[in-house]
Amino acid sequence: MRAGILIGLLSVSALLFYGTEASTIRFEDATAKSGVSFITRNSATPNKNQIETMVAGVALIDYDQDGYPDIYLVNGAEIPSLAKTSSAYWNGLYHNNHDGTFTDVTERAGVQGAGYGMGVAVGDYDNDGYPDLFLANVTGNQLFHNNRDGTFTEVTRAAGVEGANYKGKKMWSTAAGWFDYNNDGRLDLFVVNYCVWGVNQDPYCSSPKGGRSYCSPRFYEPLHNTLYRNDGNGHFTDVSDETGIAKSFGRGMSVSFADYDGDGFLDAFVANDNDANFLFHNIGGKRFEEVGTEAGIAYNDNGKALSGMGSDFRDVNNDGRPDIWHTAVEHETFPLYLNMGKLFFAAGASSGLDRCTVNMSGWGNGIFDFDNDGWKDLFVARSNVLDNIADLGTGREYFEPNSVFRNLGNGQFEDVSAQAGPDFQAAAAHRGVAFGDLDNDGRIDAVVSVLGGNVKVLRNVSANSNHWLVLKLRGTRSNRMGLGAQIRLTTEGGKAQWNEATTSVGYASSSDARVHFGLGAAALVRELEIRWPSGIRQTVRNVRADQMLTVEEAAP
């Protein structure tokens, strides 16, 4: 209670200091111009297989290292075979042409995928300077090595990451993320697993108005997650048991990483569906302790486990401590957990998000500064879970528009979706979303998958005079992409903000690895302090705004 009072007082005082301004956050649907034509196919059947509701993830990956993010899209497969029996079920890779258009290079690149897909994770696991692709599937997972010539080679079996078994069967994987948990300079792989499931073996759940409905996740047995240690020779070792990851069972939907206690080792948050959320505290890069309940992020304020979906683990109030925000379904709200220090989080009760989101259902999400005012905003890809929701007597629609919540800089958020442009009002069965600056204009764009519909390329056209800075990190002792690096930025006047390098954002998706800062009116960054995963601290001073800046890790 004391923490809640403190947050409220800080909110009031900050409101008096900062005031409020009209939102300039605005998106336009650039899909038609972009040439990205991709339908997410779930192969829905009358048997209401649980996997049909949950596809699919999106990734932004600069696979050819030309400085512009390309788009990768995950797809389902035929049921009951769970095979990609035609090109309609292929995953898709679209090359960024630098002019707002994209070219389908899927077949040439060799990344069509196999089986029934769910999630995607981008990371340079062999430190050769070119990012690789990992696919989390219902069927066997896949790892594609980037050949640095526009093509990829599948190396799943040689790498040992096909997927762990439970009770003699490969676990259904929903998402994954790359992070260096032991700070040895090599990216390790965390795979999120969902539930025990078999094709056409779902329990029969009836709709109140007759007919069959998709069942609640509570009807399915949960699974543990998988952690693969990178051995540095192209192979990974499953260390789930020895690190303690395999002790905790839940229906995992997403994973996001941050060093929440400042000890120099990345921790992992897992949003679970109808189960308590997990916070895996990294103990010296050797083992993990699940501390979700003790840290205050396992349940909502009423002690209830929510339908956790997408998540992001990032500092929203510029106090230097990463916070946690995850999505859920209608009547549950999308909780924001503020990092209070001392290994404890407090629900941001005064943020206004409870009121804004109580009637929403959300999947993918992300914490980014969309108007470049120096405060990170919140974006959620929305849709209800059930395709027959209207038949359940709820009065709610299955299709929902996406939403964006503007950070007012005072601990509060405002739903500005209605002012985000006419294209933003279009409702659909949105699922995964990846974020990044597609055209290098300093504004964060979004690519959203649509179940049964064409993907949406949402270009950020927010009009204001705010400045920005985008950092591309190049590790030397740390992993090449610099994932896990923590950056403190100070502008003129001494205003500071923090961000972390990560690709693991939202539901089943992977965002641009570059680190974005909105600078507001500041045209000069007085100081950038980077704490690399290796422990090296590096300072860069007097950086002009409005540029893409590459920073290479300094020698110790």
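List of remarks:
- The relative contact order of the chain, computed from alpha carbon pairs under 8 Å that lie at least 6 residues apart in sequence, is 16 percent.
- The range 112-232: relative contact order in percent, alpha carbon pairs under 8 Å with at least 6 residues between: 21 percent
- Mean accessible surface per residue for the chain, computed with a 1.4 Å probe while every protein chain stays in place, in Å²: 35 Å²
- Förster radius 25 Å - calculated FRET efficiency between LYS495 and ARG355 (Cβ-Cβ, nearest 0.05): 0.30
- Neighbourhood net charge (15 Å Cβ-Cβ; Lys/Arg +1, Asp/Glu -1) for SER81: 0
- In the range 421-497, a dipole from Cβ-located charges (positive for Lys and Arg, negative for Asp and Glu) runs towards its positive end, and of ILE487, PHE435, VAL457 it is ILE487 whose Cα lies farthest in that direction.
- Charge context of LEU93, other residues only, Cβ under 10 angstrom, K/R +1, D/E -1: -2
- Phi-based couplings in Hz for the range 85-100 (Karplus 6.51, -1.76, 1.60; Gly and Pro marked x): 7, 8, 5, 4, 9, 4, 5, x, 10, 10, 7, 7, 8, 6, 10, x
- Extended-chain gain in nm, criterion 0.36 nm per residue less alpha-carbon gap, THR237 and ASP99: 45.5 nm
- Once both labels are positioned 7 Å from their Cα atoms along Cα-to-Cβ, the gap between CYS215 and ASN200 label points is 1.7 nm.
- Rounded is the label for the chain, because a/c, from the alpha-carbon gyration tensor with a ≥ b ≥ c as root eigenvalues, stays below 1.5.
- In the frame of its principal axes, the range 217-324 has Cα extents of 46, 41, 21 Å, reported largest first.
- With pairing defined as another cysteine C-beta under 4.7 Å, the cysteines of the chain that fail it are CYS195, CYS356.
- Average projected area [Cα convex hull, the range 57-136], square nanometres: 5.4 nm²
- Computed over the range 245-304, Cα set: Rg, Dmax in Å: 11.3, 34
- Dipole of the chain, positive direction: furthest Cα of TYR220, ALA77, THR357, with charges on the beta-carbon: TYR220
- Extension gain, LYS304 to ALA521, is 73.9 nm, computed as 0.36 nm per intervening residue step minus the present C-alpha separation.
- Among 57-66, 85-94, the order from most to least packed when residues are scored by Cβ within 10 Å on average: 57-66, 85-94
- Carbon plus sulfur fraction of accessible area for the chain, probe 1.4 Å, in percent: 49 percent
- Cβ-defined net charge surrounding LEU143, 10 Å radius [Lys, Arg +1; Asp, Glu -1]: -2
The values are calculated or read from the model by the stated rules, or taken from the named source; none is laboratory data. All of these numbers come straight from a predicted model, not from anything done at the bench. Note that we place each Cβ from the backbone using ideal geometry, even for glycine, and neighbour counts take in every protein chain shown. Accessible surface is based on the protein model in full, side chains and every heavy atom, while ligands, DNA and RNA are left aside. Shrake-Rupley method; radii C 1.70, N 1.55, O 1.52, S 1.80 Å.
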